[in-house]
Amino acid sequence: MRIFSFTGIIRFKLFAISVIALCFAICGCSSLLNIAFSKALPPNEGEQIVPGLSQKVTVKRDDLGIPLIEASNMDDLIFTMGYVSAYDRFTQMEGFRLIGKGRLSELLGKATLQIDIYMRALNIKQIAETLYSSASPEIRHILGNYSKGVNAYLANAPLPTTLKLAGYKPEPWKPVDCVYVFVVLTLGLSQNLHEEIDILNIASQVDVDKLAWLIPIYPDEPLPFDEMKKLKGLDLKKISPDTARLSEISRKFSQTIVSAAAASNNWVVSGKLTKSGKPILANDTHLPLSMPSIWHMMHLKCPEVEGAGIAIAGVPGIIAGYNRNIAVGMTMVMADNQDLFLEKLKQEQDGLYYLYKDKWYKANSRQEDFKVKGQKDIVATTMHETRHGVLLNNILTEQPRHFVSPMPFNQSMGIALSWAAKEPDHTMDAFFNIMRAKSVDDILNSTSRNTSIIPLNLVMADKNNIAWQVTGRFPLRKKGRGLCPSPGWTGEYDWNGYLDPSLHPSLKNPENGYVGTANHRTVPADFPYILSSSWYYPDRAERIDQMMQGVKDYTAENAKAMQLDVYSTFVKTVKAALLEEKNLLEMSAFWKAANQSQNGEKAISVLQNFDGVMRFDSAGAAFYGAFLSSLSKNLFADELGGTESQAYKSLLETFLMKYSALHDHLTDRGKESPFWRGKRSHILAQTVLDSVALLEKRCGINIEDWEWGKLHTYYWRTDATMLSDYMDFISKTGMKFLSGYFDRGPYPAPGDHTTLNVAAYHPGKDFDVWLVPEMRIIVDFGNDEPLIGINSTGQSDNPSSPHYDDGISAYREGRYQQFPFKEENIKTHYTKTLTLLPKK
């Protein structure tokens, strides 16, 4: 999941013209920028009068700027959390809010208009308002207090420099704005829309009978030939321009707001396997590399509640962490809670109609108006909806219609989205109640009764128990798996309600003494309900099991070693494919005929000696990564129209989201795939040579110079950098000069998408790390101070702050920060104190 970092984009727009000239004319550009941004840094010591508080509150900071908020009552605590969230991350918060409301173009202009249209089409407003209205009065009160704290900050502290120089005055923060942020986060946990768009793009180029080979579900599950038959006989080329546009907007959306892929690890070990006899929980959430991190670490304390861990700026409460009684960690279930339906359409004089069970129905419509910075006229777009949801291909066009000149809808087939988030429930209450629980049973009792729009694997522990619980809303389909788009006109693939939460998988105090999840399939292949057809690669889960085998005296140090582990279990599969005797003989003959025996044998020697540990200085890891990337092109590109085709790009995107065809084709089952074109050993042999050529070009001719970290790097970048391709020439050029001030890196990176210490890249495209553990936490109930953790960046979104990037070094070095709960440790751990006083 990736949440939009508003800071970078506005920051660049403001300085692109005025500062570039200074960069050329004088030295010390960073110093000038620091002067401008430091003016917006509020004090973190001393006293401040803050209207809205009832009693004194202290905000103590440690050496990484992580705050401990101590209040005399819950209202003041939540109020101050809002105040401190805005203090550290208001620019990011405002981005969360604006993207949820589909209003970015009011500040950033035409470049983000299609993203706004997309968000309005999904009707985030309706979802947020429904969740807010269905929340309990207590939760609405909490949201109200948090909002008051945000507004108190805006009224009494310097406005962030980016917003001030833009001449932008933020609207007051409203309680429902917290829910907008929450829903945007939830959207990042729903990837099926992106995957089904990718499947349509691939299917426009590949025969349906071969499509299942490209979309495997899991290594031990049959390929989904029956599911793909839904597309048989449909003229998908008619909608291929629409799906290509949808893919481009989806990709742009993922770069700037919410990634269509996320991952995470969590595990919890019972006292019978630990040295102390008490449970240990570990969690690291995998999100796209961003500056700043989505997570905002915090410790909250008042007489009614205490908790520490990770939070999101814009939402009150701790999401994952420890509260003296329980510890909670989370990963994505990879739930399939979105479906695309293909609709037969016709345009009549009075509107748009769609076919359903041999009858034509008029589509509902609503108009959304967009203010675009730099344009006088309002841009108006009409959203059409069938019984299955909003029609997407009509709204994401290159030239959205103007309200005085309607654009006719001339497609014969529509693409409608169904999403399980659009139902009232008690999600907000369930979310806040988790970190107020006193025991594992409190959480299990709550989650087994109530549905939630957030599909998570929760692992949890109290002093005596451990457990795992799946949350979310899972559609019950009349027919099919929901993996690929379904014909909407027959009604046979419609949803028929949702799985009762009492049937969600859960486990308490397992006999083996631990439970872990890593976005893998956590239920048996014959589980009677479909939770997902898009499970992530099984390798990380396999590694958790490997490292837990035979454990008797497990400690927090073992948990750290697991979180930092970079061994890939998939290496053995690659070795088996390349080093199998018959295949090796055929490859050797191929190399000999091409006069490339020396290069082929050099590569095989490196692979044979590779231990599977993806260290950044490893030659074996470098070859392994180069091989997978080269194989993607050699195996799939030609049949999908070349490396620049939309079909091939869409296939590469599926590699990021789920267990992939690239991995599956290296298994025994994959040997039978038609994509080998009857020359498997030749393709493998050529791929080995291509890998050697790549490494010699990037690293050097000598094997001693081959290092994974020369290809594979961390680069913490703002969204301005990542969006520069969509900017105009002046902005794009200026970004090159300013990125050094805002971005951090590159640094050599160990690991890959299959290692517990994830550092996922784009096989077939590049080796740039895009997905990492954005935070790590460990809770050891046997330790004097149970909670330790680290963020992947700093606390602040202001680049002049010492806490903008100070977490990066600790993160890369595998260090952790204490979160003390005992008073004597609090006194020595926190070095700065800001006292907030009520207005008399």
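The values are calculated or read from the model by the stated rules, or taken from the named source; none is laboratory data. All values reported here derive from a predicted model rather than from experimental measurement. Cβ: placed from backbone, ideal geometry, glycine included. Neighbour counts: every protein chain shown. The protein model used for the area step is the full one, side chains on, heavy atoms only, and it has no ligands, DNA or RNA in it. Shrake-Rupley method; radii C 1.70, N 1.55, O 1.52, S 1.80 Å.
A few points about this structure:
- Selection count where residues are within 28 Å of ASN337 (Cβ to Cβ), at pLDDT 95 or above and among the basic types (Lys, Arg), scope region 110-151: 1
- The criterion of being among the polar types (S, T, N, Q), modelled with pLDDT under 85 and within 30 Å of GLY321 (Cα to Cα) does not hold for SER405.
- Output for region 435-472, where each listed residue is among the β-branched types (Val, Ile, Thr) and under 13 Å from VAL333 (Cα atoms): ILE453, ILE454, VAL459, VAL470, THR471
- Contact map, region 572-585: first residue within 14 Å of ASN609 (Cβ to Cβ), second residue open to solvent by 100 Å² or more (accessible area, probe 1.4 Å) and modelled with pLDDT of 95 or more, Cβ cut-off under 8 Å, separation 6 or more or different chains; pairs are LYS575/GLN608; LEU579/GLN608.
- Residue within region 768-782 that is within 22 Å of MET298 (Cα to Cα), touching a residue at least 12 places away in the same chain (Cβ under 8 Å), hydrophobic (A, V, I, L, M, F, W, C) and in a loop (DSSP other than H, G, I, E, B) present: yes
Residues are listed down the side, and each one gets a yes or a no for (1) in contact with a Leu (Cβ under 6 Å, 6 or more places away or on another chain); (2) open to solvent by 30 Å² or more (accessible area, probe 1.4 Å); (3) over 28 Å from MET228 (Cα atoms):
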| residue | (1), (2), (3) |
| --- | --- |
| ASN445 | no, yes, yes |
| LEU458 | no, no, yes |
| ASP462 | no, no, yes |
| GLY472 | no, no, no |
| LEU483 | no, no, no |
| GLY497 | yes, yes, no |
| PRO505 | no, no, no |
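- Test for GLY764: is it in a loop (DSSP other than H, G, I, E, B), in contact with a helix residue (DSSP H, G or I) (Cβ under 6 Å, 6 or more places away or on another chain) and either of a type in the set (Asp, Glu) or farther than 30 Å from GLU47 by Cβ (or both): yes
- Among the residues of region 52-101, those that are open to solvent by 30 Å² or more (accessible area, probe 1.4 Å), of a type in the set (D, E, K, R) and not in a helix (DSSP H, G or I) comprise LYS56, LYS60, ASP63, GLU70.
- Of the residues making up region 778-832, those that are within 24 Å of GLY314 (Cα to Cα) and aliphatic (A, V, I, L, M) are LEU787, ILE788, ILE790, ILE808.
- LEU564 being surrounded by fewer than 20 Cβ atoms within 10 Å (Cβ to Cβ), among the aliphatic types (A, V, I, L, M) and under 30 Å from TYR514 (Cα atoms): yes
- From the options GLY620, GLY642, residue that is closer than 17 Å to ALA577 by Cβ and over 25 Å from the mean Cα position of the chain (by Cα): GLY620
- Region 304-317: number of residues that are small (Gly, Ala, Ser) and open to solvent by 10 Å² or more (accessible area, probe 1.4 Å): 1
- Taking region 655-711 as the region of interest, the helices (runs of 4 or more DSSP H) fully inside it that hold 1 or more residues being under 29 Å from the mean Cα position of the chain (by Cα) and on the phi < 0 side of the Ramachandran plot are 661-664, 708-711.
- Within region 499-537, restricting attention to residues that are modelled with pLDDT of 95 or more and among the charged types (D, E, K, R), the residue that is farthest from LYS278 (Cα to Cα) is ARG521.
- Subset of region 534-550 (residues that are outside any helix (DSSP H, G or I) and surrounded by 15 or more Cβ atoms within 10 Å (Cβ to Cβ)): SER534, TRP535, TYR536, TYR537, PRO538
- Residues of region 102-128 satisfying the condition of being over 18 Å from GLU171 (Cα atoms), open to solvent by 30 Å² or more (accessible area, probe 1.4 Å) and not polar (S, T, N, Q): LYS110, ALA111, ARG120
- Residue that is modelled with the lowest pLDDT [pool: residues in region 471-498 that are among the basic types (Lys, Arg) and not in a strand (DSSP E or B)]: ARG473
- Verdict on ASN634 being in contact with an Asp or Glu (Cβ under 8 Å, 6 or more places away or on another chain) and open to solvent by 10 Å² or more (accessible area, probe 1.4 Å): yes
- Within region 33-51, restricting attention to residues that are exposed (fewer than 15 other Cβ atoms within 10 Å of the Cβ) and hydrophobic (A, V, I, L, M, F, W, C), the residue that is farthest from GLY794 (Cα to Cα) is ILE49.
- The residues of region 779-809 that are charged (D, E, K, R), open to solvent by 20 Å² or more (accessible area, probe 1.4 Å) and within 19 Å of VAL84 (Cα to Cα), listed by number, are ASP805, ASP806.
Okay, residues lined up against (1) outside any loop (DSSP other than H, G, I, E, B); (2) under 21 Å from LEU187 (Cβ atoms):
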| position | (1), (2) |
| --- | --- |
| ASP425 | no, yes |
| ALA430 | yes, yes |
| ILE443 | yes, no |
| ARG449 | no, no |
| ILE454 | no, yes |
| VAL459 | yes, no |
| ASN464 | no, no |
| GLN469 | yes, no |
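- Pick from region 318-336, criterion within 20 Å of the chain's Cα centre (by Cα) and either open to solvent by 10 Å² or more (accessible area, probe 1.4 Å) or β-branched (Val, Ile, Thr) (or both), ranking: farthest from LYS508 (Cα to Cα): ILE318
- Only listed residue being farther than 26 Å from LEU131 by Cα, open to solvent by 10 Å² or more (accessible area, probe 1.4 Å) and more than 18 Å from the chain's Cα centre (by Cα), chosen from PRO175, PRO158: PRO158
- Top-ranked residue in region 292-303 [being modelled with pLDDT of 95 or more and assigned to a loop (DSSP other than H, G, I, E, B); ranked as surrounded by the most Cβ atoms within 10 Å (Cβ to Cβ)]: CYS302
- Residue that is modelled with the lowest pLDDT, among those in region 701-720 that are of a type outside the set (Asp, Glu) and open to solvent by 20 Å² or more (accessible area, probe 1.4 Å): ARG717
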